[in-house]
Amino acid sequence: MAFGSRTLWEGLDLDINAGEFLAVLGPNGTGKTTLLKVLLGLQPLSAGTVRINGRKVERGSKDIGYIPQQKSFAAGTPLRGRDLVGMGVDGDKWGVRLRRAPVRRRVDELLAQVGAAGYADQPVGMLSGGELQRLRAAQALATDPDLLLCDEPLLSLDLHHQQAISALIDARCHVHDSAVVFVTHEINPIIDYVDRVLYLAGGSFRTGTPDEVLRSDVLSDMYGSHVEVLRSHGRIVVLGVPDATTHHHGDPEGDHGPF
Ligand SMILES: Nc1ncnc2c1ncn2[C@@H]1O[C@H](COP(=O)(O)OP(=O)(O)OP(=O)(O)O)[C@@H](O)[C@H]1O
């Protein structure tokens, strides 16, 4: 994948299986969101092919659920929280069919799962970033997708809701057999769920289990300078990532690792 003379990645040959949870890590600007856009059919590859369920990717596929990077709605948007989730259950026919009992039940179930029942009737333009994010997760899960794409879905969620949404995504993957591609700067909240990591940095990439990729020698090799990966109480902290001015600097006691 390249934009002009800038190559984001090259020679990436990746099969993602049903029931597999892939975390995509790497510093800003390395192509994580671009990879999701490729899978969504929004960004053509500069070379190579991508297939989902053996078919060419197409925009708006019902096979794919998508939790986008956080976006807000204008204050006057005439949409309630439950309408947003209803769109996931019933596509774009929400205005008419949300009145049907089975759809309403499914929407209520999803709203309860993400802890959004209490604000589901408020206009979306009035909700906080975290409240909206939980509705977006419910909307994406509503479609029972074969492939669930998540672009930093835990951003601006408090710890309790991070755990709740991560567990729902894990269940979608490991109970309902969806493939999950989860872009994040923070692997710790999902470390127990991740089967494989794709780490993009410095124009190259590595794939493997978290233990295979998140190692001092592997990351030092990718960044071309010494990087230290520490494990503390089941958490992973990466220290010494170069040019990490836009990332959290590692603190073994803290919540963040500069991925
Ligand atoms: N349509 C485009 N045309 C040209 N350059 C683009 C285009 N889309 C993305 N880029 C560039 O490609 C690079 C990768 O962008 P992308 O959004 O995929 O990064 P990312 O890894 O998701 O970063 P972040 O962690 O900051 O979200 C960036 O430098 C971006 O400016």
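The values are calculated or read from the model by the stated rules, or taken from the named source; none is laboratory data. What you see is a predicted model; the values in this text were computed from it and never measured. Using ideal geometry, Cβ is built from the backbone for each residue, glycine included, and neighbour counts are taken over all protein chains shown. Accessible surface areas use protein heavy atoms only, side chains included; no ligands, DNA or RNA. Shrake-Rupley method; radii C 1.70, N 1.55, O 1.52, S 1.80 Å.
Of the residues making up segment 178-208, those that are within 22 Å of Gln163 (Cβ to Cβ), in a loop (DSSP other than H, G, I, E, B) and open to solvent by 40 Å² or more (accessible area, probe 1.4 Å) are Asp192, Tyr193, Asp195.
Looking only at segment 1-45, filter to residues that are among the β-branched types (Val, Ile, Thr) and part of a helix (DSSP H, G or I); which one of those is nearest to Ser166 (Cα to Cα)? It would help to see each step written out before you state the result.
From segment 1-45, those among the β-branched types (Val, Ile, Thr) are 7, 16, 24, 30, 33-34, 38; that's our starting set.
Right, trim to part of a helix (DSSP H, G or I) and you get 33-34, 38.
On the way: Thr33: 19, Thr34: 22, Val38: 23 Å.
Across segment 1-45, the extreme among qualifying residues is Thr33.
Is there a residue being assigned to a loop (DSSP other than H, G, I, E, B), more than 10 Å from the ligand (Cβ to nearest atom), within 19 Å of Ala140 (Cα to Cα) and in contact with a Pro (Cβ under 7 Å, 6 or more places away or on another chain) anywhere in segment 46-63? Checking segment 46-63: at least one residue is assigned to a loop (DSSP other than H, G, I, E, B), more than 10 Å from the ligand (Cβ to nearest atom), within 19 Å of Ala140 (Cα to Cα) and in contact with a Pro (Cβ under 7 Å, 6 or more places away or on another chain).
Counting just the residues of segment 140-154 that are at pLDDT below 90 and open to solvent by 30 Å² or more (accessible area, probe 1.4 Å), which one comes out farthest from the ligand (Cβ to nearest atom)? Per the stated criteria, the residue is Asp144. Among the residues of segment 46-53, is any within 16 Å of the chain's Cα centre (by Cα) and polar (S, T, N, Q)? No, segment 46-53 contains no residue that is within 16 Å of the chain's Cα centre (by Cα) and polar (S, T, N, Q). For beta carbons closer than 8 Å, sequence separation of 6+ or different chains, a first residue in segment 177-197 that is at positive phi and a second that is away from the ligand (no atom under 16 Å from the Cβ), the qualifying pairs are Asp177/Ala18; Asp177/Gly19.
Yes/no matrix, rows are residues, columns are (1) part of a strand (DSSP E or B); (2) of a type outside the set (Lys, Arg); (3) within 30 Å of Asn53 (Cβ to Cβ); (4) at pLDDT 95 or above:
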position: Ala164; (1), (2), (3), (4): no, yes, yes, no
position: Ala171; (1), (2), (3), (4): no, yes, yes, no
position: Val237; (1), (2), (3), (4): yes, yes, no, no
position: Pro252; (1), (2), (3), (4): no, yes, no, no
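Pairs linking a residue in segment 65-86 that is open to solvent by 40 Å² or more (accessible area, probe 1.4 Å) to a residue that is modelled with pLDDT of 85 or more and of a type in the set (Val, Ile, Thr), with Cβ atoms under 6 Å and 6 or more positions apart or on different chains, are Phe73/Val124; Arg82/Val107. Could you check, for segment 126-137, whether at least one of its residues is within 16 Å of the ligand (Cβ to nearest atom), surrounded by 14 or more Cβ atoms within 10 Å (Cβ to Cβ) and in a helix (DSSP H, G or I)? Yes, some residue in segment 126-137 is within 16 Å of the ligand (Cβ to nearest atom), surrounded by 14 or more Cβ atoms within 10 Å (Cβ to Cβ) and in a helix (DSSP H, G or I).
It is to be established whether one or more residues within segment 51-62 are at pLDDT below 90, of a type in the set (Gly, Ala, Ser) and surrounded by fewer than 22 Cβ atoms within 10 Å (Cβ to Cβ). Yes: one or more hits.
Out of curiosity, is Leu35 within 11 Å of the ligand (Cβ to nearest atom) and open to solvent by 40 Å² or more (accessible area, probe 1.4 Å)? Spell out the reasoning first.
Values: within 11 Å of the ligand (Cβ to nearest atom): yes; open to solvent by 40 Å² or more (accessible area, probe 1.4 Å): no.
Taking the combined requirement at face value, the residue does not satisfy it.
In segment 1-14, the residues that are on the phi > 0 side of the Ramachandran plot and open to solvent by less than 80 Å² (accessible area, probe 1.4 Å) reach residues that are part of a strand (DSSP E or B) and away from the ligand (no atom under 11 Å from the Cβ) with C-beta atoms within less than 9 angstrom, at least six apart or across chains, in these pairs: Gly11/Phe205.
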